[in-house]
């Protein structure tokens with residue numbers, strides 16, 4: 001669905017390049033004249049924000065890697081050395097650490113928007129699945145990066161999370177030994193995680209290119225869920241979408257800067273400023289905040305193997321969303337029952353995040369089990385049944401009608 005390019009370079013040098021490698025025409029058709037639905041709201045800017053945050057993470061990560069020492073005897077001190085001795089090292093570290101949180105914050109808004117407006121439905125199934133793959137890669141990259149600090153919480157989080165694979169019958173112990181590079185979390189583990197943490201962002205960038213390619217093939221969804229039917233339904237990406245995206249991206253960067261310059265350690269854990277000590281177990285081991293909902297699901301199940309299965313299923317199930325939602329209507333604007341269940345789902349996800357930060361005891365475990373049941377019921381029971389029983393509101397005839405009224 002890229003727009004028809006009318007790009008004609010004026011410079012003879014650019015004309016020479018364009019005849020041999022028409023990259024200018026590709027950019028012009030994909031990001032200038034590319035038609036987008038005219039009713040997109042600010043929730044659609046988070047795709048651009050995510051691309052920006054990926055760039056920030058790669059650039060700051062490369063510079064930090066120049067000064068980091070991936071060895072258990074020096075890793076913690078090298079991070080502290082970056083903060084104190086490298087020119088603007090403190091800024092690079094805080095940009096990278098808080099950038100991970102901003103990255104996940106943006107991706108969660110992006111995902112909830114996709115669910116609310118049913119952006120996973122035909123013909124965007126592959127687009128959605130690529131997004132889930134990016135999310136999985138982000139989770140792996142973020143976890144490995146957290147371990148590199150080699151503080152108390154990093155070390156014990158690595159020990160607990162990698163040990164989960166031992167629950168897999170038959171091959172579990174072998175997988176754990178391979179991940180560790182030995183029989184305990186140590187120097188080989190740190191080196192492996194360092195290598196993968198450096199590599200995976202470039203893999204993410206590659207899948208992001210596929211994600212954008214798939215988006216340009218099928219076109220963007222919009223708040224009505226109706227496909228564009230005429231030129232009245234769309235506007236050019238530039239300047240309409242770029243101005244809107246640029247404005248909201250600036251607002252997001254202000255939030256990001258607030259964390260970096262005013263409360264840089266707010267989203268971290270105090271124990272991670274203590275060097276890793278295998279002989280001392282922290283009172284309460286917790287991962288970073290963006291993993292907490294899944295951590296709560298894991299701990300809600302009393303059996304270790306079933307907990308690991310529930311943890312994996314809670315993420316993998318997202319890839320099957322296009323087929324679990326049987327409704328023909330895309331947008332929650334016209335699905336009153338779906339809208340209620342969706343907001344309850346959001347509350348449950350936030351609640352699971354809060355429960356993941358609490359000790360696994362008493363009322364916290366009971367609530368985590370109730371919320372876990374609803375989490376899976378939303379996908380496996382509610383969405384399939386809503387497609388059969390829900391009475392939807394009438395849809396407008398076109399995007400332009402929804403924006404300009406019936407006369408459009």
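Which one of the conditions (1) in contact with a helix residue (DSSP H, G or I) (Cβ under 6 Å, 6 or more places away or on another chain); (2) surrounded by fewer than 16 Cβ atoms within 10 Å (Cβ to Cβ); (3) farther than 26 Å from residue 209 by Cβ does residue 73 fail to meet, given that it meets all the rest?
(1)
So which of 202, 165, 193 ends up being under 19 Å from residue 309 (Cβ atoms) and within 24 Å of the chain's Cα centre (by Cα)?
Working: 202 fails: under 19 Å from residue 309 (Cβ atoms); 193 fails: under 19 Å from residue 309 (Cβ atoms).
Checking each option against the conditions leaves just 165.
Quick one: what pairs do we get from the stretch 104-119, first residue at positive phi and buried (at least 20 other Cβ atoms within 10 Å of the Cβ), second at pLDDT 95 or above and part of a loop (DSSP other than H, G, I, E, B), C-beta under 7 Å, 6+ apart or different chains?
118/325
Within the stretch 38-57, is even one residue part of a helix (DSSP H, G or I), surrounded by fewer than 18 Cβ atoms within 10 Å (Cβ to Cβ) and free of Cβ contacts under 8 Å to residues at least 24 places away in the same chain?
Looking for residues that are part of a helix (DSSP H, G or I), surrounded by fewer than 18 Cβ atoms within 10 Å (Cβ to Cβ) and free of Cβ contacts under 8 Å to residues at least 24 places away in the same chain, one finds at least one in the stretch 38-57, hence yes.
Matching residues to (1) surrounded by 13 or more Cβ atoms within 10 Å (Cβ to Cβ); (2) under 24 Å from the mean Cα position of the chain (by Cα); (3) in a helix (DSSP H, G or I); (4) not assigned by TED's automatic domain parsing to the domain that holds residue 42:
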position	(1), (2), (3), (4)
210	yes, yes, yes, no
232	yes, no, yes, no
235	yes, no, no, no
254	no, yes, yes, no
265	yes, yes, no, no
277	no, no, no, no
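Which residues, taken from the stretch 239-252, are surrounded by 18 or more Cβ atoms within 10 Å (Cβ to Cβ) and free of Cβ contacts under 8 Å to residues at least 24 places away in the same chain?
Correct list: empty.
What are the residues in the stretch 385-394 that are surrounded by 12 or more Cβ atoms within 10 Å (Cβ to Cβ) and in contact with a helix residue (DSSP H, G or I) (Cβ under 6 Å, 6 or more places away or on another chain), if any?
386, 390, 392
So which of 205, 157, 241 is assigned by TED's automatic domain parsing to the domain that holds residue 139, closer than 24 Å to residue 121 by Cβ and in contact with a helix residue (DSSP H, G or I) (Cβ under 9 Å, 6 or more places away or on another chain)?
Residue meeting the stated conditions: 241.
The values are calculated or read from the model by the stated rules, or taken from the named source; none is laboratory data. Bear in mind that the values here come from a model prediction, so they are computed numbers and not experimental data. All Cβ positions, even for glycine, are placed from backbone atoms using ideal geometry, and neighbour counts span all protein chains on display.
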